[in-house]
Amino acid sequence: MLFDLPDHDALYQALLHRDDRYDGQAYVCVATTGIFCRLTCPARKPKRENCQFFGSVGECIEAGFRACKRCHPLQPMADADPAVATLLAALDQRPEYRWSEGDITRMGFDLSTVRRSFKRQFGMTFLEMARQRRLREGFTVLSDGGKVIDAQLDAQFDSPSAFRAAFARLLGQAPGSLGRDSLLLADWITTPLGDMIAVSSRTELHLLEFVERKALKSELARLQKAVKGDLGIGSAPPSEQIRCELDAFFAGTSARFDTPLAYHGTPFTQQVWDALRQIPPGVTRSYSDIAREIGRPDATRAVARANGANQIALVVPCHRVIGADGSLTGYGGGLWRKQRLLDIERQYLTSANQLD
């Protein structure tokens, strides 16, 4: 079970006092330095407004932060597993290198063992950690109007072909084919629970997914087909709006999403998504609950399929649907993320009850 983090103020006070009760259960990420630390770190304390707090090292890494070299927050994981220690050290020495399974094997490690170890400790594999660190930089350069070669160099890919291949795996197209005047524009959004891809037209948000979601490539392919391949890269008003709304959501100030949405689904599927949006933050429903609410009590399985087909994460809150027995059910962004989202949203339920 994941540790239920206290609020921001309590964690900031723990940071100021170097409270060791949170060691290993909470970490601080500093926006101005791009570094994450233990709360017991001896470094000078950052300003409150520059701090974000997460419950795991994996969340810090996925949000784009590097480990502090004074308090070494990765050290307990490295001490627990020699393979993790060796590979983390290798990644720090060669962050620009395009790591492969062959490299891991040549270092004398079993691939399946390494995969399990990194998944357990960080919620991602070693290769995912290395690739995401590099690819984010390239995406940002392209989104800002930079050239492909500049994006490749910023992402520290040794060859143009490697960069094109990595980009094509993410968006389904090589970076050179992505313009800035397309009907749909893909944007990169960093959140405390990991990086997301937002795809927007000038007026509506069409997709919002975590970058490692397995269905992302097929979802993007369907969108590209709908606009005859006219997918580009850059920021549009809906992606800017959802970025601000996500910032407010994770900061604990608002769980309201007003960004205009474009649904891509059957009338029944869209009806389910509308029903999901009626579930208040901090509240959960089962598939059968949703089926009854839309007047189709015999359509529980169809509701589950519609739930899984959602491609606008968080805004259409499919994470609020759980099993009839109260257990967490499948979530494309990962069950650990689903649990964290539900934990985050409890504060909104508490706030609503206090207002009542």
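The values are calculated or read from the model by the stated rules, or taken from the named source; none is laboratory data. Just so it is clear, the structure is predicted and the values come from calculations on it, not from any experiment. Cβ coordinates were reconstructed from backbone atoms using ideal geometry, including for glycine residues, and neighbour counts include every protein chain displayed.
Just one of the listed residues (ALA255, ALA236) is surrounded by 14 or more Cβ atoms within 10 Å (Cβ to Cβ), of a type in the set (Gly, Ala, Ser) and touching a strand residue (DSSP E or B) at 6+ places or on another chain (Cβ under 6 Å), namely ALA236.
Can you confirm whether ASP110 is over 24 Å from ALA26 (Cα atoms) and not assigned by TED's automatic domain parsing to the domain that holds GLY24? Taking the combined requirement at face value, the residue satisfies it. Scanning segment 308-332 for residues that are in contact (Cβ under 8 Å) with a residue 60 or more places away in the chain and among the aliphatic types (A, V, I, L, M) gives ILE312, ALA313, LEU314, VAL315.
When segment 21-49 is limited to residues that are charged (D, E, K, R) and closer than 15 Å to HIS72 by Cβ, the one that is modelled with the lowest pLDDT turns out to be ASP23.
Residue pairs whose Cβ atoms lie under 8 Å apart, separated by 6 or more positions or on different chains, with the first residue in segment 102-124 and at positive phi and the second in a helix (DSSP H, G or I) and of a type in the set (D, E, K, R), are GLY123/GLU59; GLY123/GLU62.
Per-residue answers, yes or no, for (1) under 27 Å from ILE189 (Cα atoms); (2) over 23 Å from the mean Cα position of the chain (by Cα); (3) surrounded by 14 or more Cβ atoms within 10 Å (Cβ to Cβ):
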| residue | (1), (2), (3) |
| --- | --- |
| VAL30 | yes, no, yes |
| CYS37 | yes, no, yes |
| CYS41 | no, yes, yes |
| GLU49 | yes, no, no |
| VAL84 | no, no, yes |
| ARG94 | yes, yes, no |
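Mind telling me which of the residues THR284, THR253 ends up being within 24 Å of the chain's Cα centre (by Cα) and assigned by TED's automatic domain parsing to the domain that holds LEU328? Of THR284, THR253, the one residue that is within 24 Å of the chain's Cα centre (by Cα) and assigned by TED's automatic domain parsing to the domain that holds LEU328 is THR284. Taking into account only those residues within segment 161-211 that are at pLDDT 90 or above and within 25 Å of PHE65 (Cβ to Cβ), which is surrounded by the fewest Cβ atoms within 10 Å (Cβ to Cβ)? If we take residues in segment 161-211 being at pLDDT 90 or above and within 25 Å of PHE65 (Cβ to Cβ), then GLU209 is surrounded by the fewest Cβ atoms within 10 Å (Cβ to Cβ).
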